[in-house]
Structures are given as C-alpha cells and as structure tokens.
1. Have a look at PHE219, PHE182 and point out the one that is assigned to a helix (DSSP H, G or I) and either touching a residue at least 40 places away in the same chain (Cβ under 8 Å) or more than 18 Å from GLN109 (Cα to Cα) (or both).
2. Please go through the stretch 218-232 and pick out each residue that is out of contact with any Leu (no Cβ under 9 Å at 6 or more places or on another chain) and either farther than 30 Å from LEU143 by Cβ or of a type outside the set (Gly, Ala, Ser) (or both).
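Nothing in this text is a laboratory measurement; each read-out follows from the coordinates by a stated rule. These numbers come from a predicted model, not from an experiment. Note that we place each Cβ from the backbone using ideal geometry, even for glycine, and neighbour counts take in every protein chain shown.
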Amino acid sequence: MTSAASRPGWPDQWREKAKPAPRRQPLSRERIVEAALRIVDTEGMDALSMRRVGQELGTGAASLYAHVGSKEELVELVLDLAYAEIELEPADPAQWQEQIKRLLRRSRQVLLSHRDLAKAAVVANVPVTPHAMDIAEAMLGMLRAGGLDAQTASYGVDLLGLYTTATAYEASTRGGGNTEEFTGRIRDYFATIPVERYPLITSMAVSLTRNVGEERFEFGLDILVAGLARQAPEQAR
C-alpha cells in the first residue's frame, strides 16, 4: 500500500483553484444614488443617511462626499432618479387635458412605488434637477397647447404638482394607498362624537371616509384640469 506522500497528485484541472477576491467597484455618483434609492425602497426615507449609504456600498460615509455634497443633495438626486421612470409624451392640443391627467397618474404611481419618497417630493416642490425639469417642461407644453397663457400655465403646473405630491405623500403615510384600516378607524371615531354639535360630519361619515381605488384622486384631478381648461380662450377649449 502506498503512502499518502507517494500517491500521485490530482491532475491540475481537478484541483480547486483559489478564486480571486472580487474587485470592488469604484464609487461613483450613480452607484451612490442607486444605493440610496434601494434604501428608501426597503427601509423608508427616515433610514436614509450618508452613513447608511456607505454601509450599503461597503465604505465609510466620508468617501461619499467626493461625489455628493450633502444629504440634501443626495435626496434631490434620489428623487430625480425616480422621476426618470415617468414616461413623457409630446403635447397634443387635441387631447392636452387627458395628457395632463395621464402624466400626473404616472407621477403619483412612481412616487408610491418608492415607499415614502413622496415626502421628499413635497419638500422639493421647485423642479431644479434634470428629470424634474423634464416633467415640468412637458406639463407646461401641454397647458400651453391647451391655450393657457404663460402665467396661468405657470400657476397650473405648480398647483397640479402640489396636488400630486401631496396626495402621494398622504397615501404613503397610510400604507402606500391601502387606507381601509385608517378610514375604518376614522369612521368609528366619527360614530362617537356628539351629533348635536357635528350633525353633518356624523350624518356624512360614510361619504367622508369613502375609499374606493383612485376615485378620490381622480375626482380632484378632474376638478383641477377642468378649472384650468376654463381659463383658456373659448376657441381653444
């Protein structure tokens, strides 16, 4: 019987080769922002910090500042990355009202798809980043195509943007749009308040707490767009 030392060695192709350590990807603004958005998606806006992003990327927070100047700038970039998901279309005078509604629906759904990112959108209500400005430019084009003058279109973009981000933020605080439990609690509370002091609230509790899909958002959207359309010259309506 041969000893272990005298046995022939395994053929080289059978030997387990030591795997080289994976090369660490260099830091970049793009990687930092993508990591930050992942954190928002999984943990929420309150968890987002430079330190947390550094942990996600396997580095220290200090190294991020070579690419992103501050947490505030990072939040703007994260929001802009999400806005890049919103599909835009060229303005069509024949259907500008439906185009505006489609754009706002897409915007709201994108915000809701990223947990409570709408919180950042409410704060950053003036578009200053590229994709945010792309959306504003598209909306202005639609409103102008509908015959609205420059000032009315400017107020309109502001109003519609605030409505969309505010309703998205409200929905995100109630479970991303699943508000049945919340409205149920409100309805139960309304049943306990004095009827003689609040006769309308108590008698209208079911209507006030109605929660059917996107009905409430669509109601407001119809009212706002119809109101803006009335500001256009008669021949442009």
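1. PHE182 is the lone residue from the list that is assigned to a helix (DSSP H, G or I) and either touching a residue at least 40 places away in the same chain (Cβ under 8 Å) or more than 18 Å from GLN109 (Cα to Cα) (or both).
2. Correct list: GLU218, PHE219, ASP222, ILE223, ARG230.
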